[in-house]
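The structure under discussion appears below in the form of structure tokens.
The values are calculated or read from the model by the stated rules, or taken from the named source; none is laboratory data. Since the structure is predicted, the reported quantities are computational estimates derived from the model, not experimental observations. All Cβ positions, glycine included, derive from the backbone under ideal geometry; neighbour counts span all protein chains shown. Calculation scope for accessible area: heavy atoms of the full protein, side chains included, ligands and nucleic acids excluded. Shrake-Rupley method; radii C 1.70, N 1.55, O 1.52, S 1.80 Å.
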Amino acid sequence: MKMILPALTEATSPFFRPIKYSLFPPLGLATLAGYLDPDDEVTVTDEHVQKVDTSDEPDLVVIQVYITSARRAYELADLYRARGVHVCLGGLHVTSLPDEAARHADTIFCGPGEDTWPRFLADLRAGRPAARYDSSERTLAALPPIRRDLIARERYLVPNSIVVSRGCPHVCDFCYKEAFFEGGKSFYTQTVDAALAEIDRLPGRHLYFLDDHLFGNARFASALFDGMRGMGRLWQAAGTVKAVLNPGLLEKAVESGLRSLFVGFETVNAGNLTEQRKWQNIDRDYGAVVRRLRDNGVMVNGSFVFGMDEDDPSVFDRTVEWAVGQGIETATFHILTPYPGTRLYGRMAKADRLLHSDWDRYDTRTVVFKPAKMTARQLEDGYWRAYRDFYRWGSILRGAATKPTLRGKARHVAYAGGWKKFEPAWDLVIRAKRAGRALPLLESVLSGFGSRPAGSEPGREPEPVSVS
């Protein structure tokens, strides 16, 4: 069996490759590999960090498909099918557009694979594999250990990625995951004991939870953090503004090793939150979120989306100014993208606002719809300007100045500068297949977080007010 994660179109620049495309190994494929028999031969190829050898003739090829890797995925699938190889396609894009994917596959998988993949393997061994498998039973109870032996750890900055839940309890209109989990539970977790056992198997100190919302089940998260206390881990994850303001839970996370959190602020325009069903952000004080994270020694990676219907050309400067003024260490910007299968896509299609269906350009940095209060050119130019302005040395130094200690200022400059200002250097590291060599540096920076600055009041709960 050959498992392939094709490269995203935006990750194939001939000039340089940002480190974000070499952060995490293909955990989904390695998870599926865990269901195989001991005598099955299997390889996992991640095209972001290695070339796909197409000179072989395996019995089975399995390809994970995202929207901006669909063209490449279909190209590989067609090549192997022409040789008589049975080809399977699954993933977010396949679930959203199954008829499109079925034209390039012998078998497609819609939704999560924990229930459908074992059924397919049994059918394949019996000589009667089906053309389509739809997920309906959602549980992680029988999840086998991930085949991490198939992962070339040295090629990734964060080899210790881990997922202990599936989906998200929220239903934002623009989120791809809602379509993926249709037909069953859209949020469920491992048992705490199983999650702790998987963590215990990972070497080193650093972890990165790739869960869409690690804090989504407060009872599970609280028990997980209790179990992790004393393990000596440093970890990063994603959470919501609501979760950060939840009394007690953040403190437990920090005590167990949380040092950096990806937070979906999404927009500085309150009207956009209702439009996109981002209920968990409504009437939340974003400044209080940043202060609470900083008071607990947690670095902030803020996520922002441009192009919602309440956004006008002033939104870019206002967003950057707010983020820099708050001292956010890193920011991730996106152009609103109506992925097929989402409510947003349905609304855009009905209003005739979609510009095309060239999936290569649905990359969150290219405008693929008609904006409401600006032109497509203004939106795209503003997006690139936001990245440029946030990561100017002047902005990085202004953000660092918000930190109360010299050590804190230095950490801010090191992380923000290292993330964006040295992308050509990261490219050399990636091409040398040595991204993992930078992990000790990442751990060193993260270990400096977790201490509360003098004068902070971590127990104080700020009054929530509307986002400006």
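Measuring nothing but protein heavy atoms, the accessible surface of the stretch 2-134 at 1.4 Å probe radius is 51 percent carbon and sulfur. Counting only alpha carbon atoms, the long axis of helix 286-295 and the longest principal axis of the chain meet at about 90°.
Check which residues have an amide H placed less than 5 Å from residue 265's amide H, if you skip close sequence neighbours. Distant-sequence amide H within range of residue 265: 303. Ranking 223, 186, 236 by how far each Cα lies toward the positive end of the dipole of the chain (charges on Cβ) leaves 236 at the top. Need one number: the % of Cα-Cα pairs in the stretch 77-205 sitting beyond the 23 Å mark. The share of Cα pairs beyond 23 Å in the stretch 77-205 comes to 46 percent. Using Cβ point charges alone (K and R +1, D and E -1), the dipole size of the chain about the Cα centre works out to roughly 1400 debye. Once the gyration tensor of the Cα atoms in the chain is diagonalised, the equivalent ellipsoid follows with semi-axes of 35, 26, 22 Å, ordered largest first. Full extension of the chain segment joining residue 102 with residue 351 gains 86.8 nm, where the gain is 0.36 nm per residue of separation less the Cα-Cα distance.
Rounded to the nearest 10 degrees, the inclination of helix 376-390 to the longest alpha-carbon principal axis of the chain is 60 degrees.
The distance linking the stretch 166-231 with the stretch 144-160 is 18 Å (Cα centroid to Cα centroid, whole angstrom).
Calculate I(q)/I(0) for the stretch 2-134 by the Debye formula, one identical point scatterer on each C-alpha and no solvent, and give its log10 at q = 0.21 Å⁻¹ to two decimals. Values returned for q = 0.21 Å⁻¹ are -1.38. Farthest towards the positive end of the charge dipole of the chain, among the residues 55, 306, 351, is the Cα of 306, using unit charges on the Cβ of Lys, Arg, Asp and Glu. Legend note: in the chain, cysteines whose Cβ sits 4.7 Å or more from every other cysteine Cβ are 88, 110, 168. Shown for the stretch 157-448: the carbon plus sulfur share of the solvent-accessible area, taken with all protein chains present and a 1.4 angstrom probe, equals 54%.
The charge dipole of the stretch 51-201, taken about its Cα centre with unit charges on the Cβ of Lys, Arg, Asp and Glu (plus for the first two, minus for the last two), comes to roughly 160 debye. With +1 on each Lys and Arg Cβ and -1 on each Asp and Glu Cβ, how big is the dipole of the stretch 2-134 about its Cα centre, in debye rounded to the nearest 20? For the stretch 2-134, the charge dipole is close to 380 debye. May I ask you to give the solvent-accessible area per residue for the chain, in square angstrom, as obtained with a 1.4 angstrom probe? It amounts to 41 Å² per residue over the chain. Centre-to-centre, using Cα atoms only, the stretch 405-419 and the stretch 63-77 are separated by 38 Å.
Against the chain, whose longest principal axis comes from its Cα atoms, helix 116-125 is set at around 20 degrees. Could you work out the relative contact order of the chain? I mean the mean sequence separation of Cα pairs under 8 Å and 6+ apart, divided by the number of residues, in percent. Normalised by residue count, the contact order of the chain is 16 percent. Dividing the summed helix terms, -39500 (n - 2.57) for each DSSP H run of n ≥ 4, by the number of residues in the chain produces a 222 nm estimate of -10000 deg cm²/dmol to the nearest 500. Here is the list for the stretch 29-133: GluC sites (Glu not before Pro) lying in DSSP coil, each with at most 10 other C-beta atoms within 10 angstrom of its C-beta, are 41.
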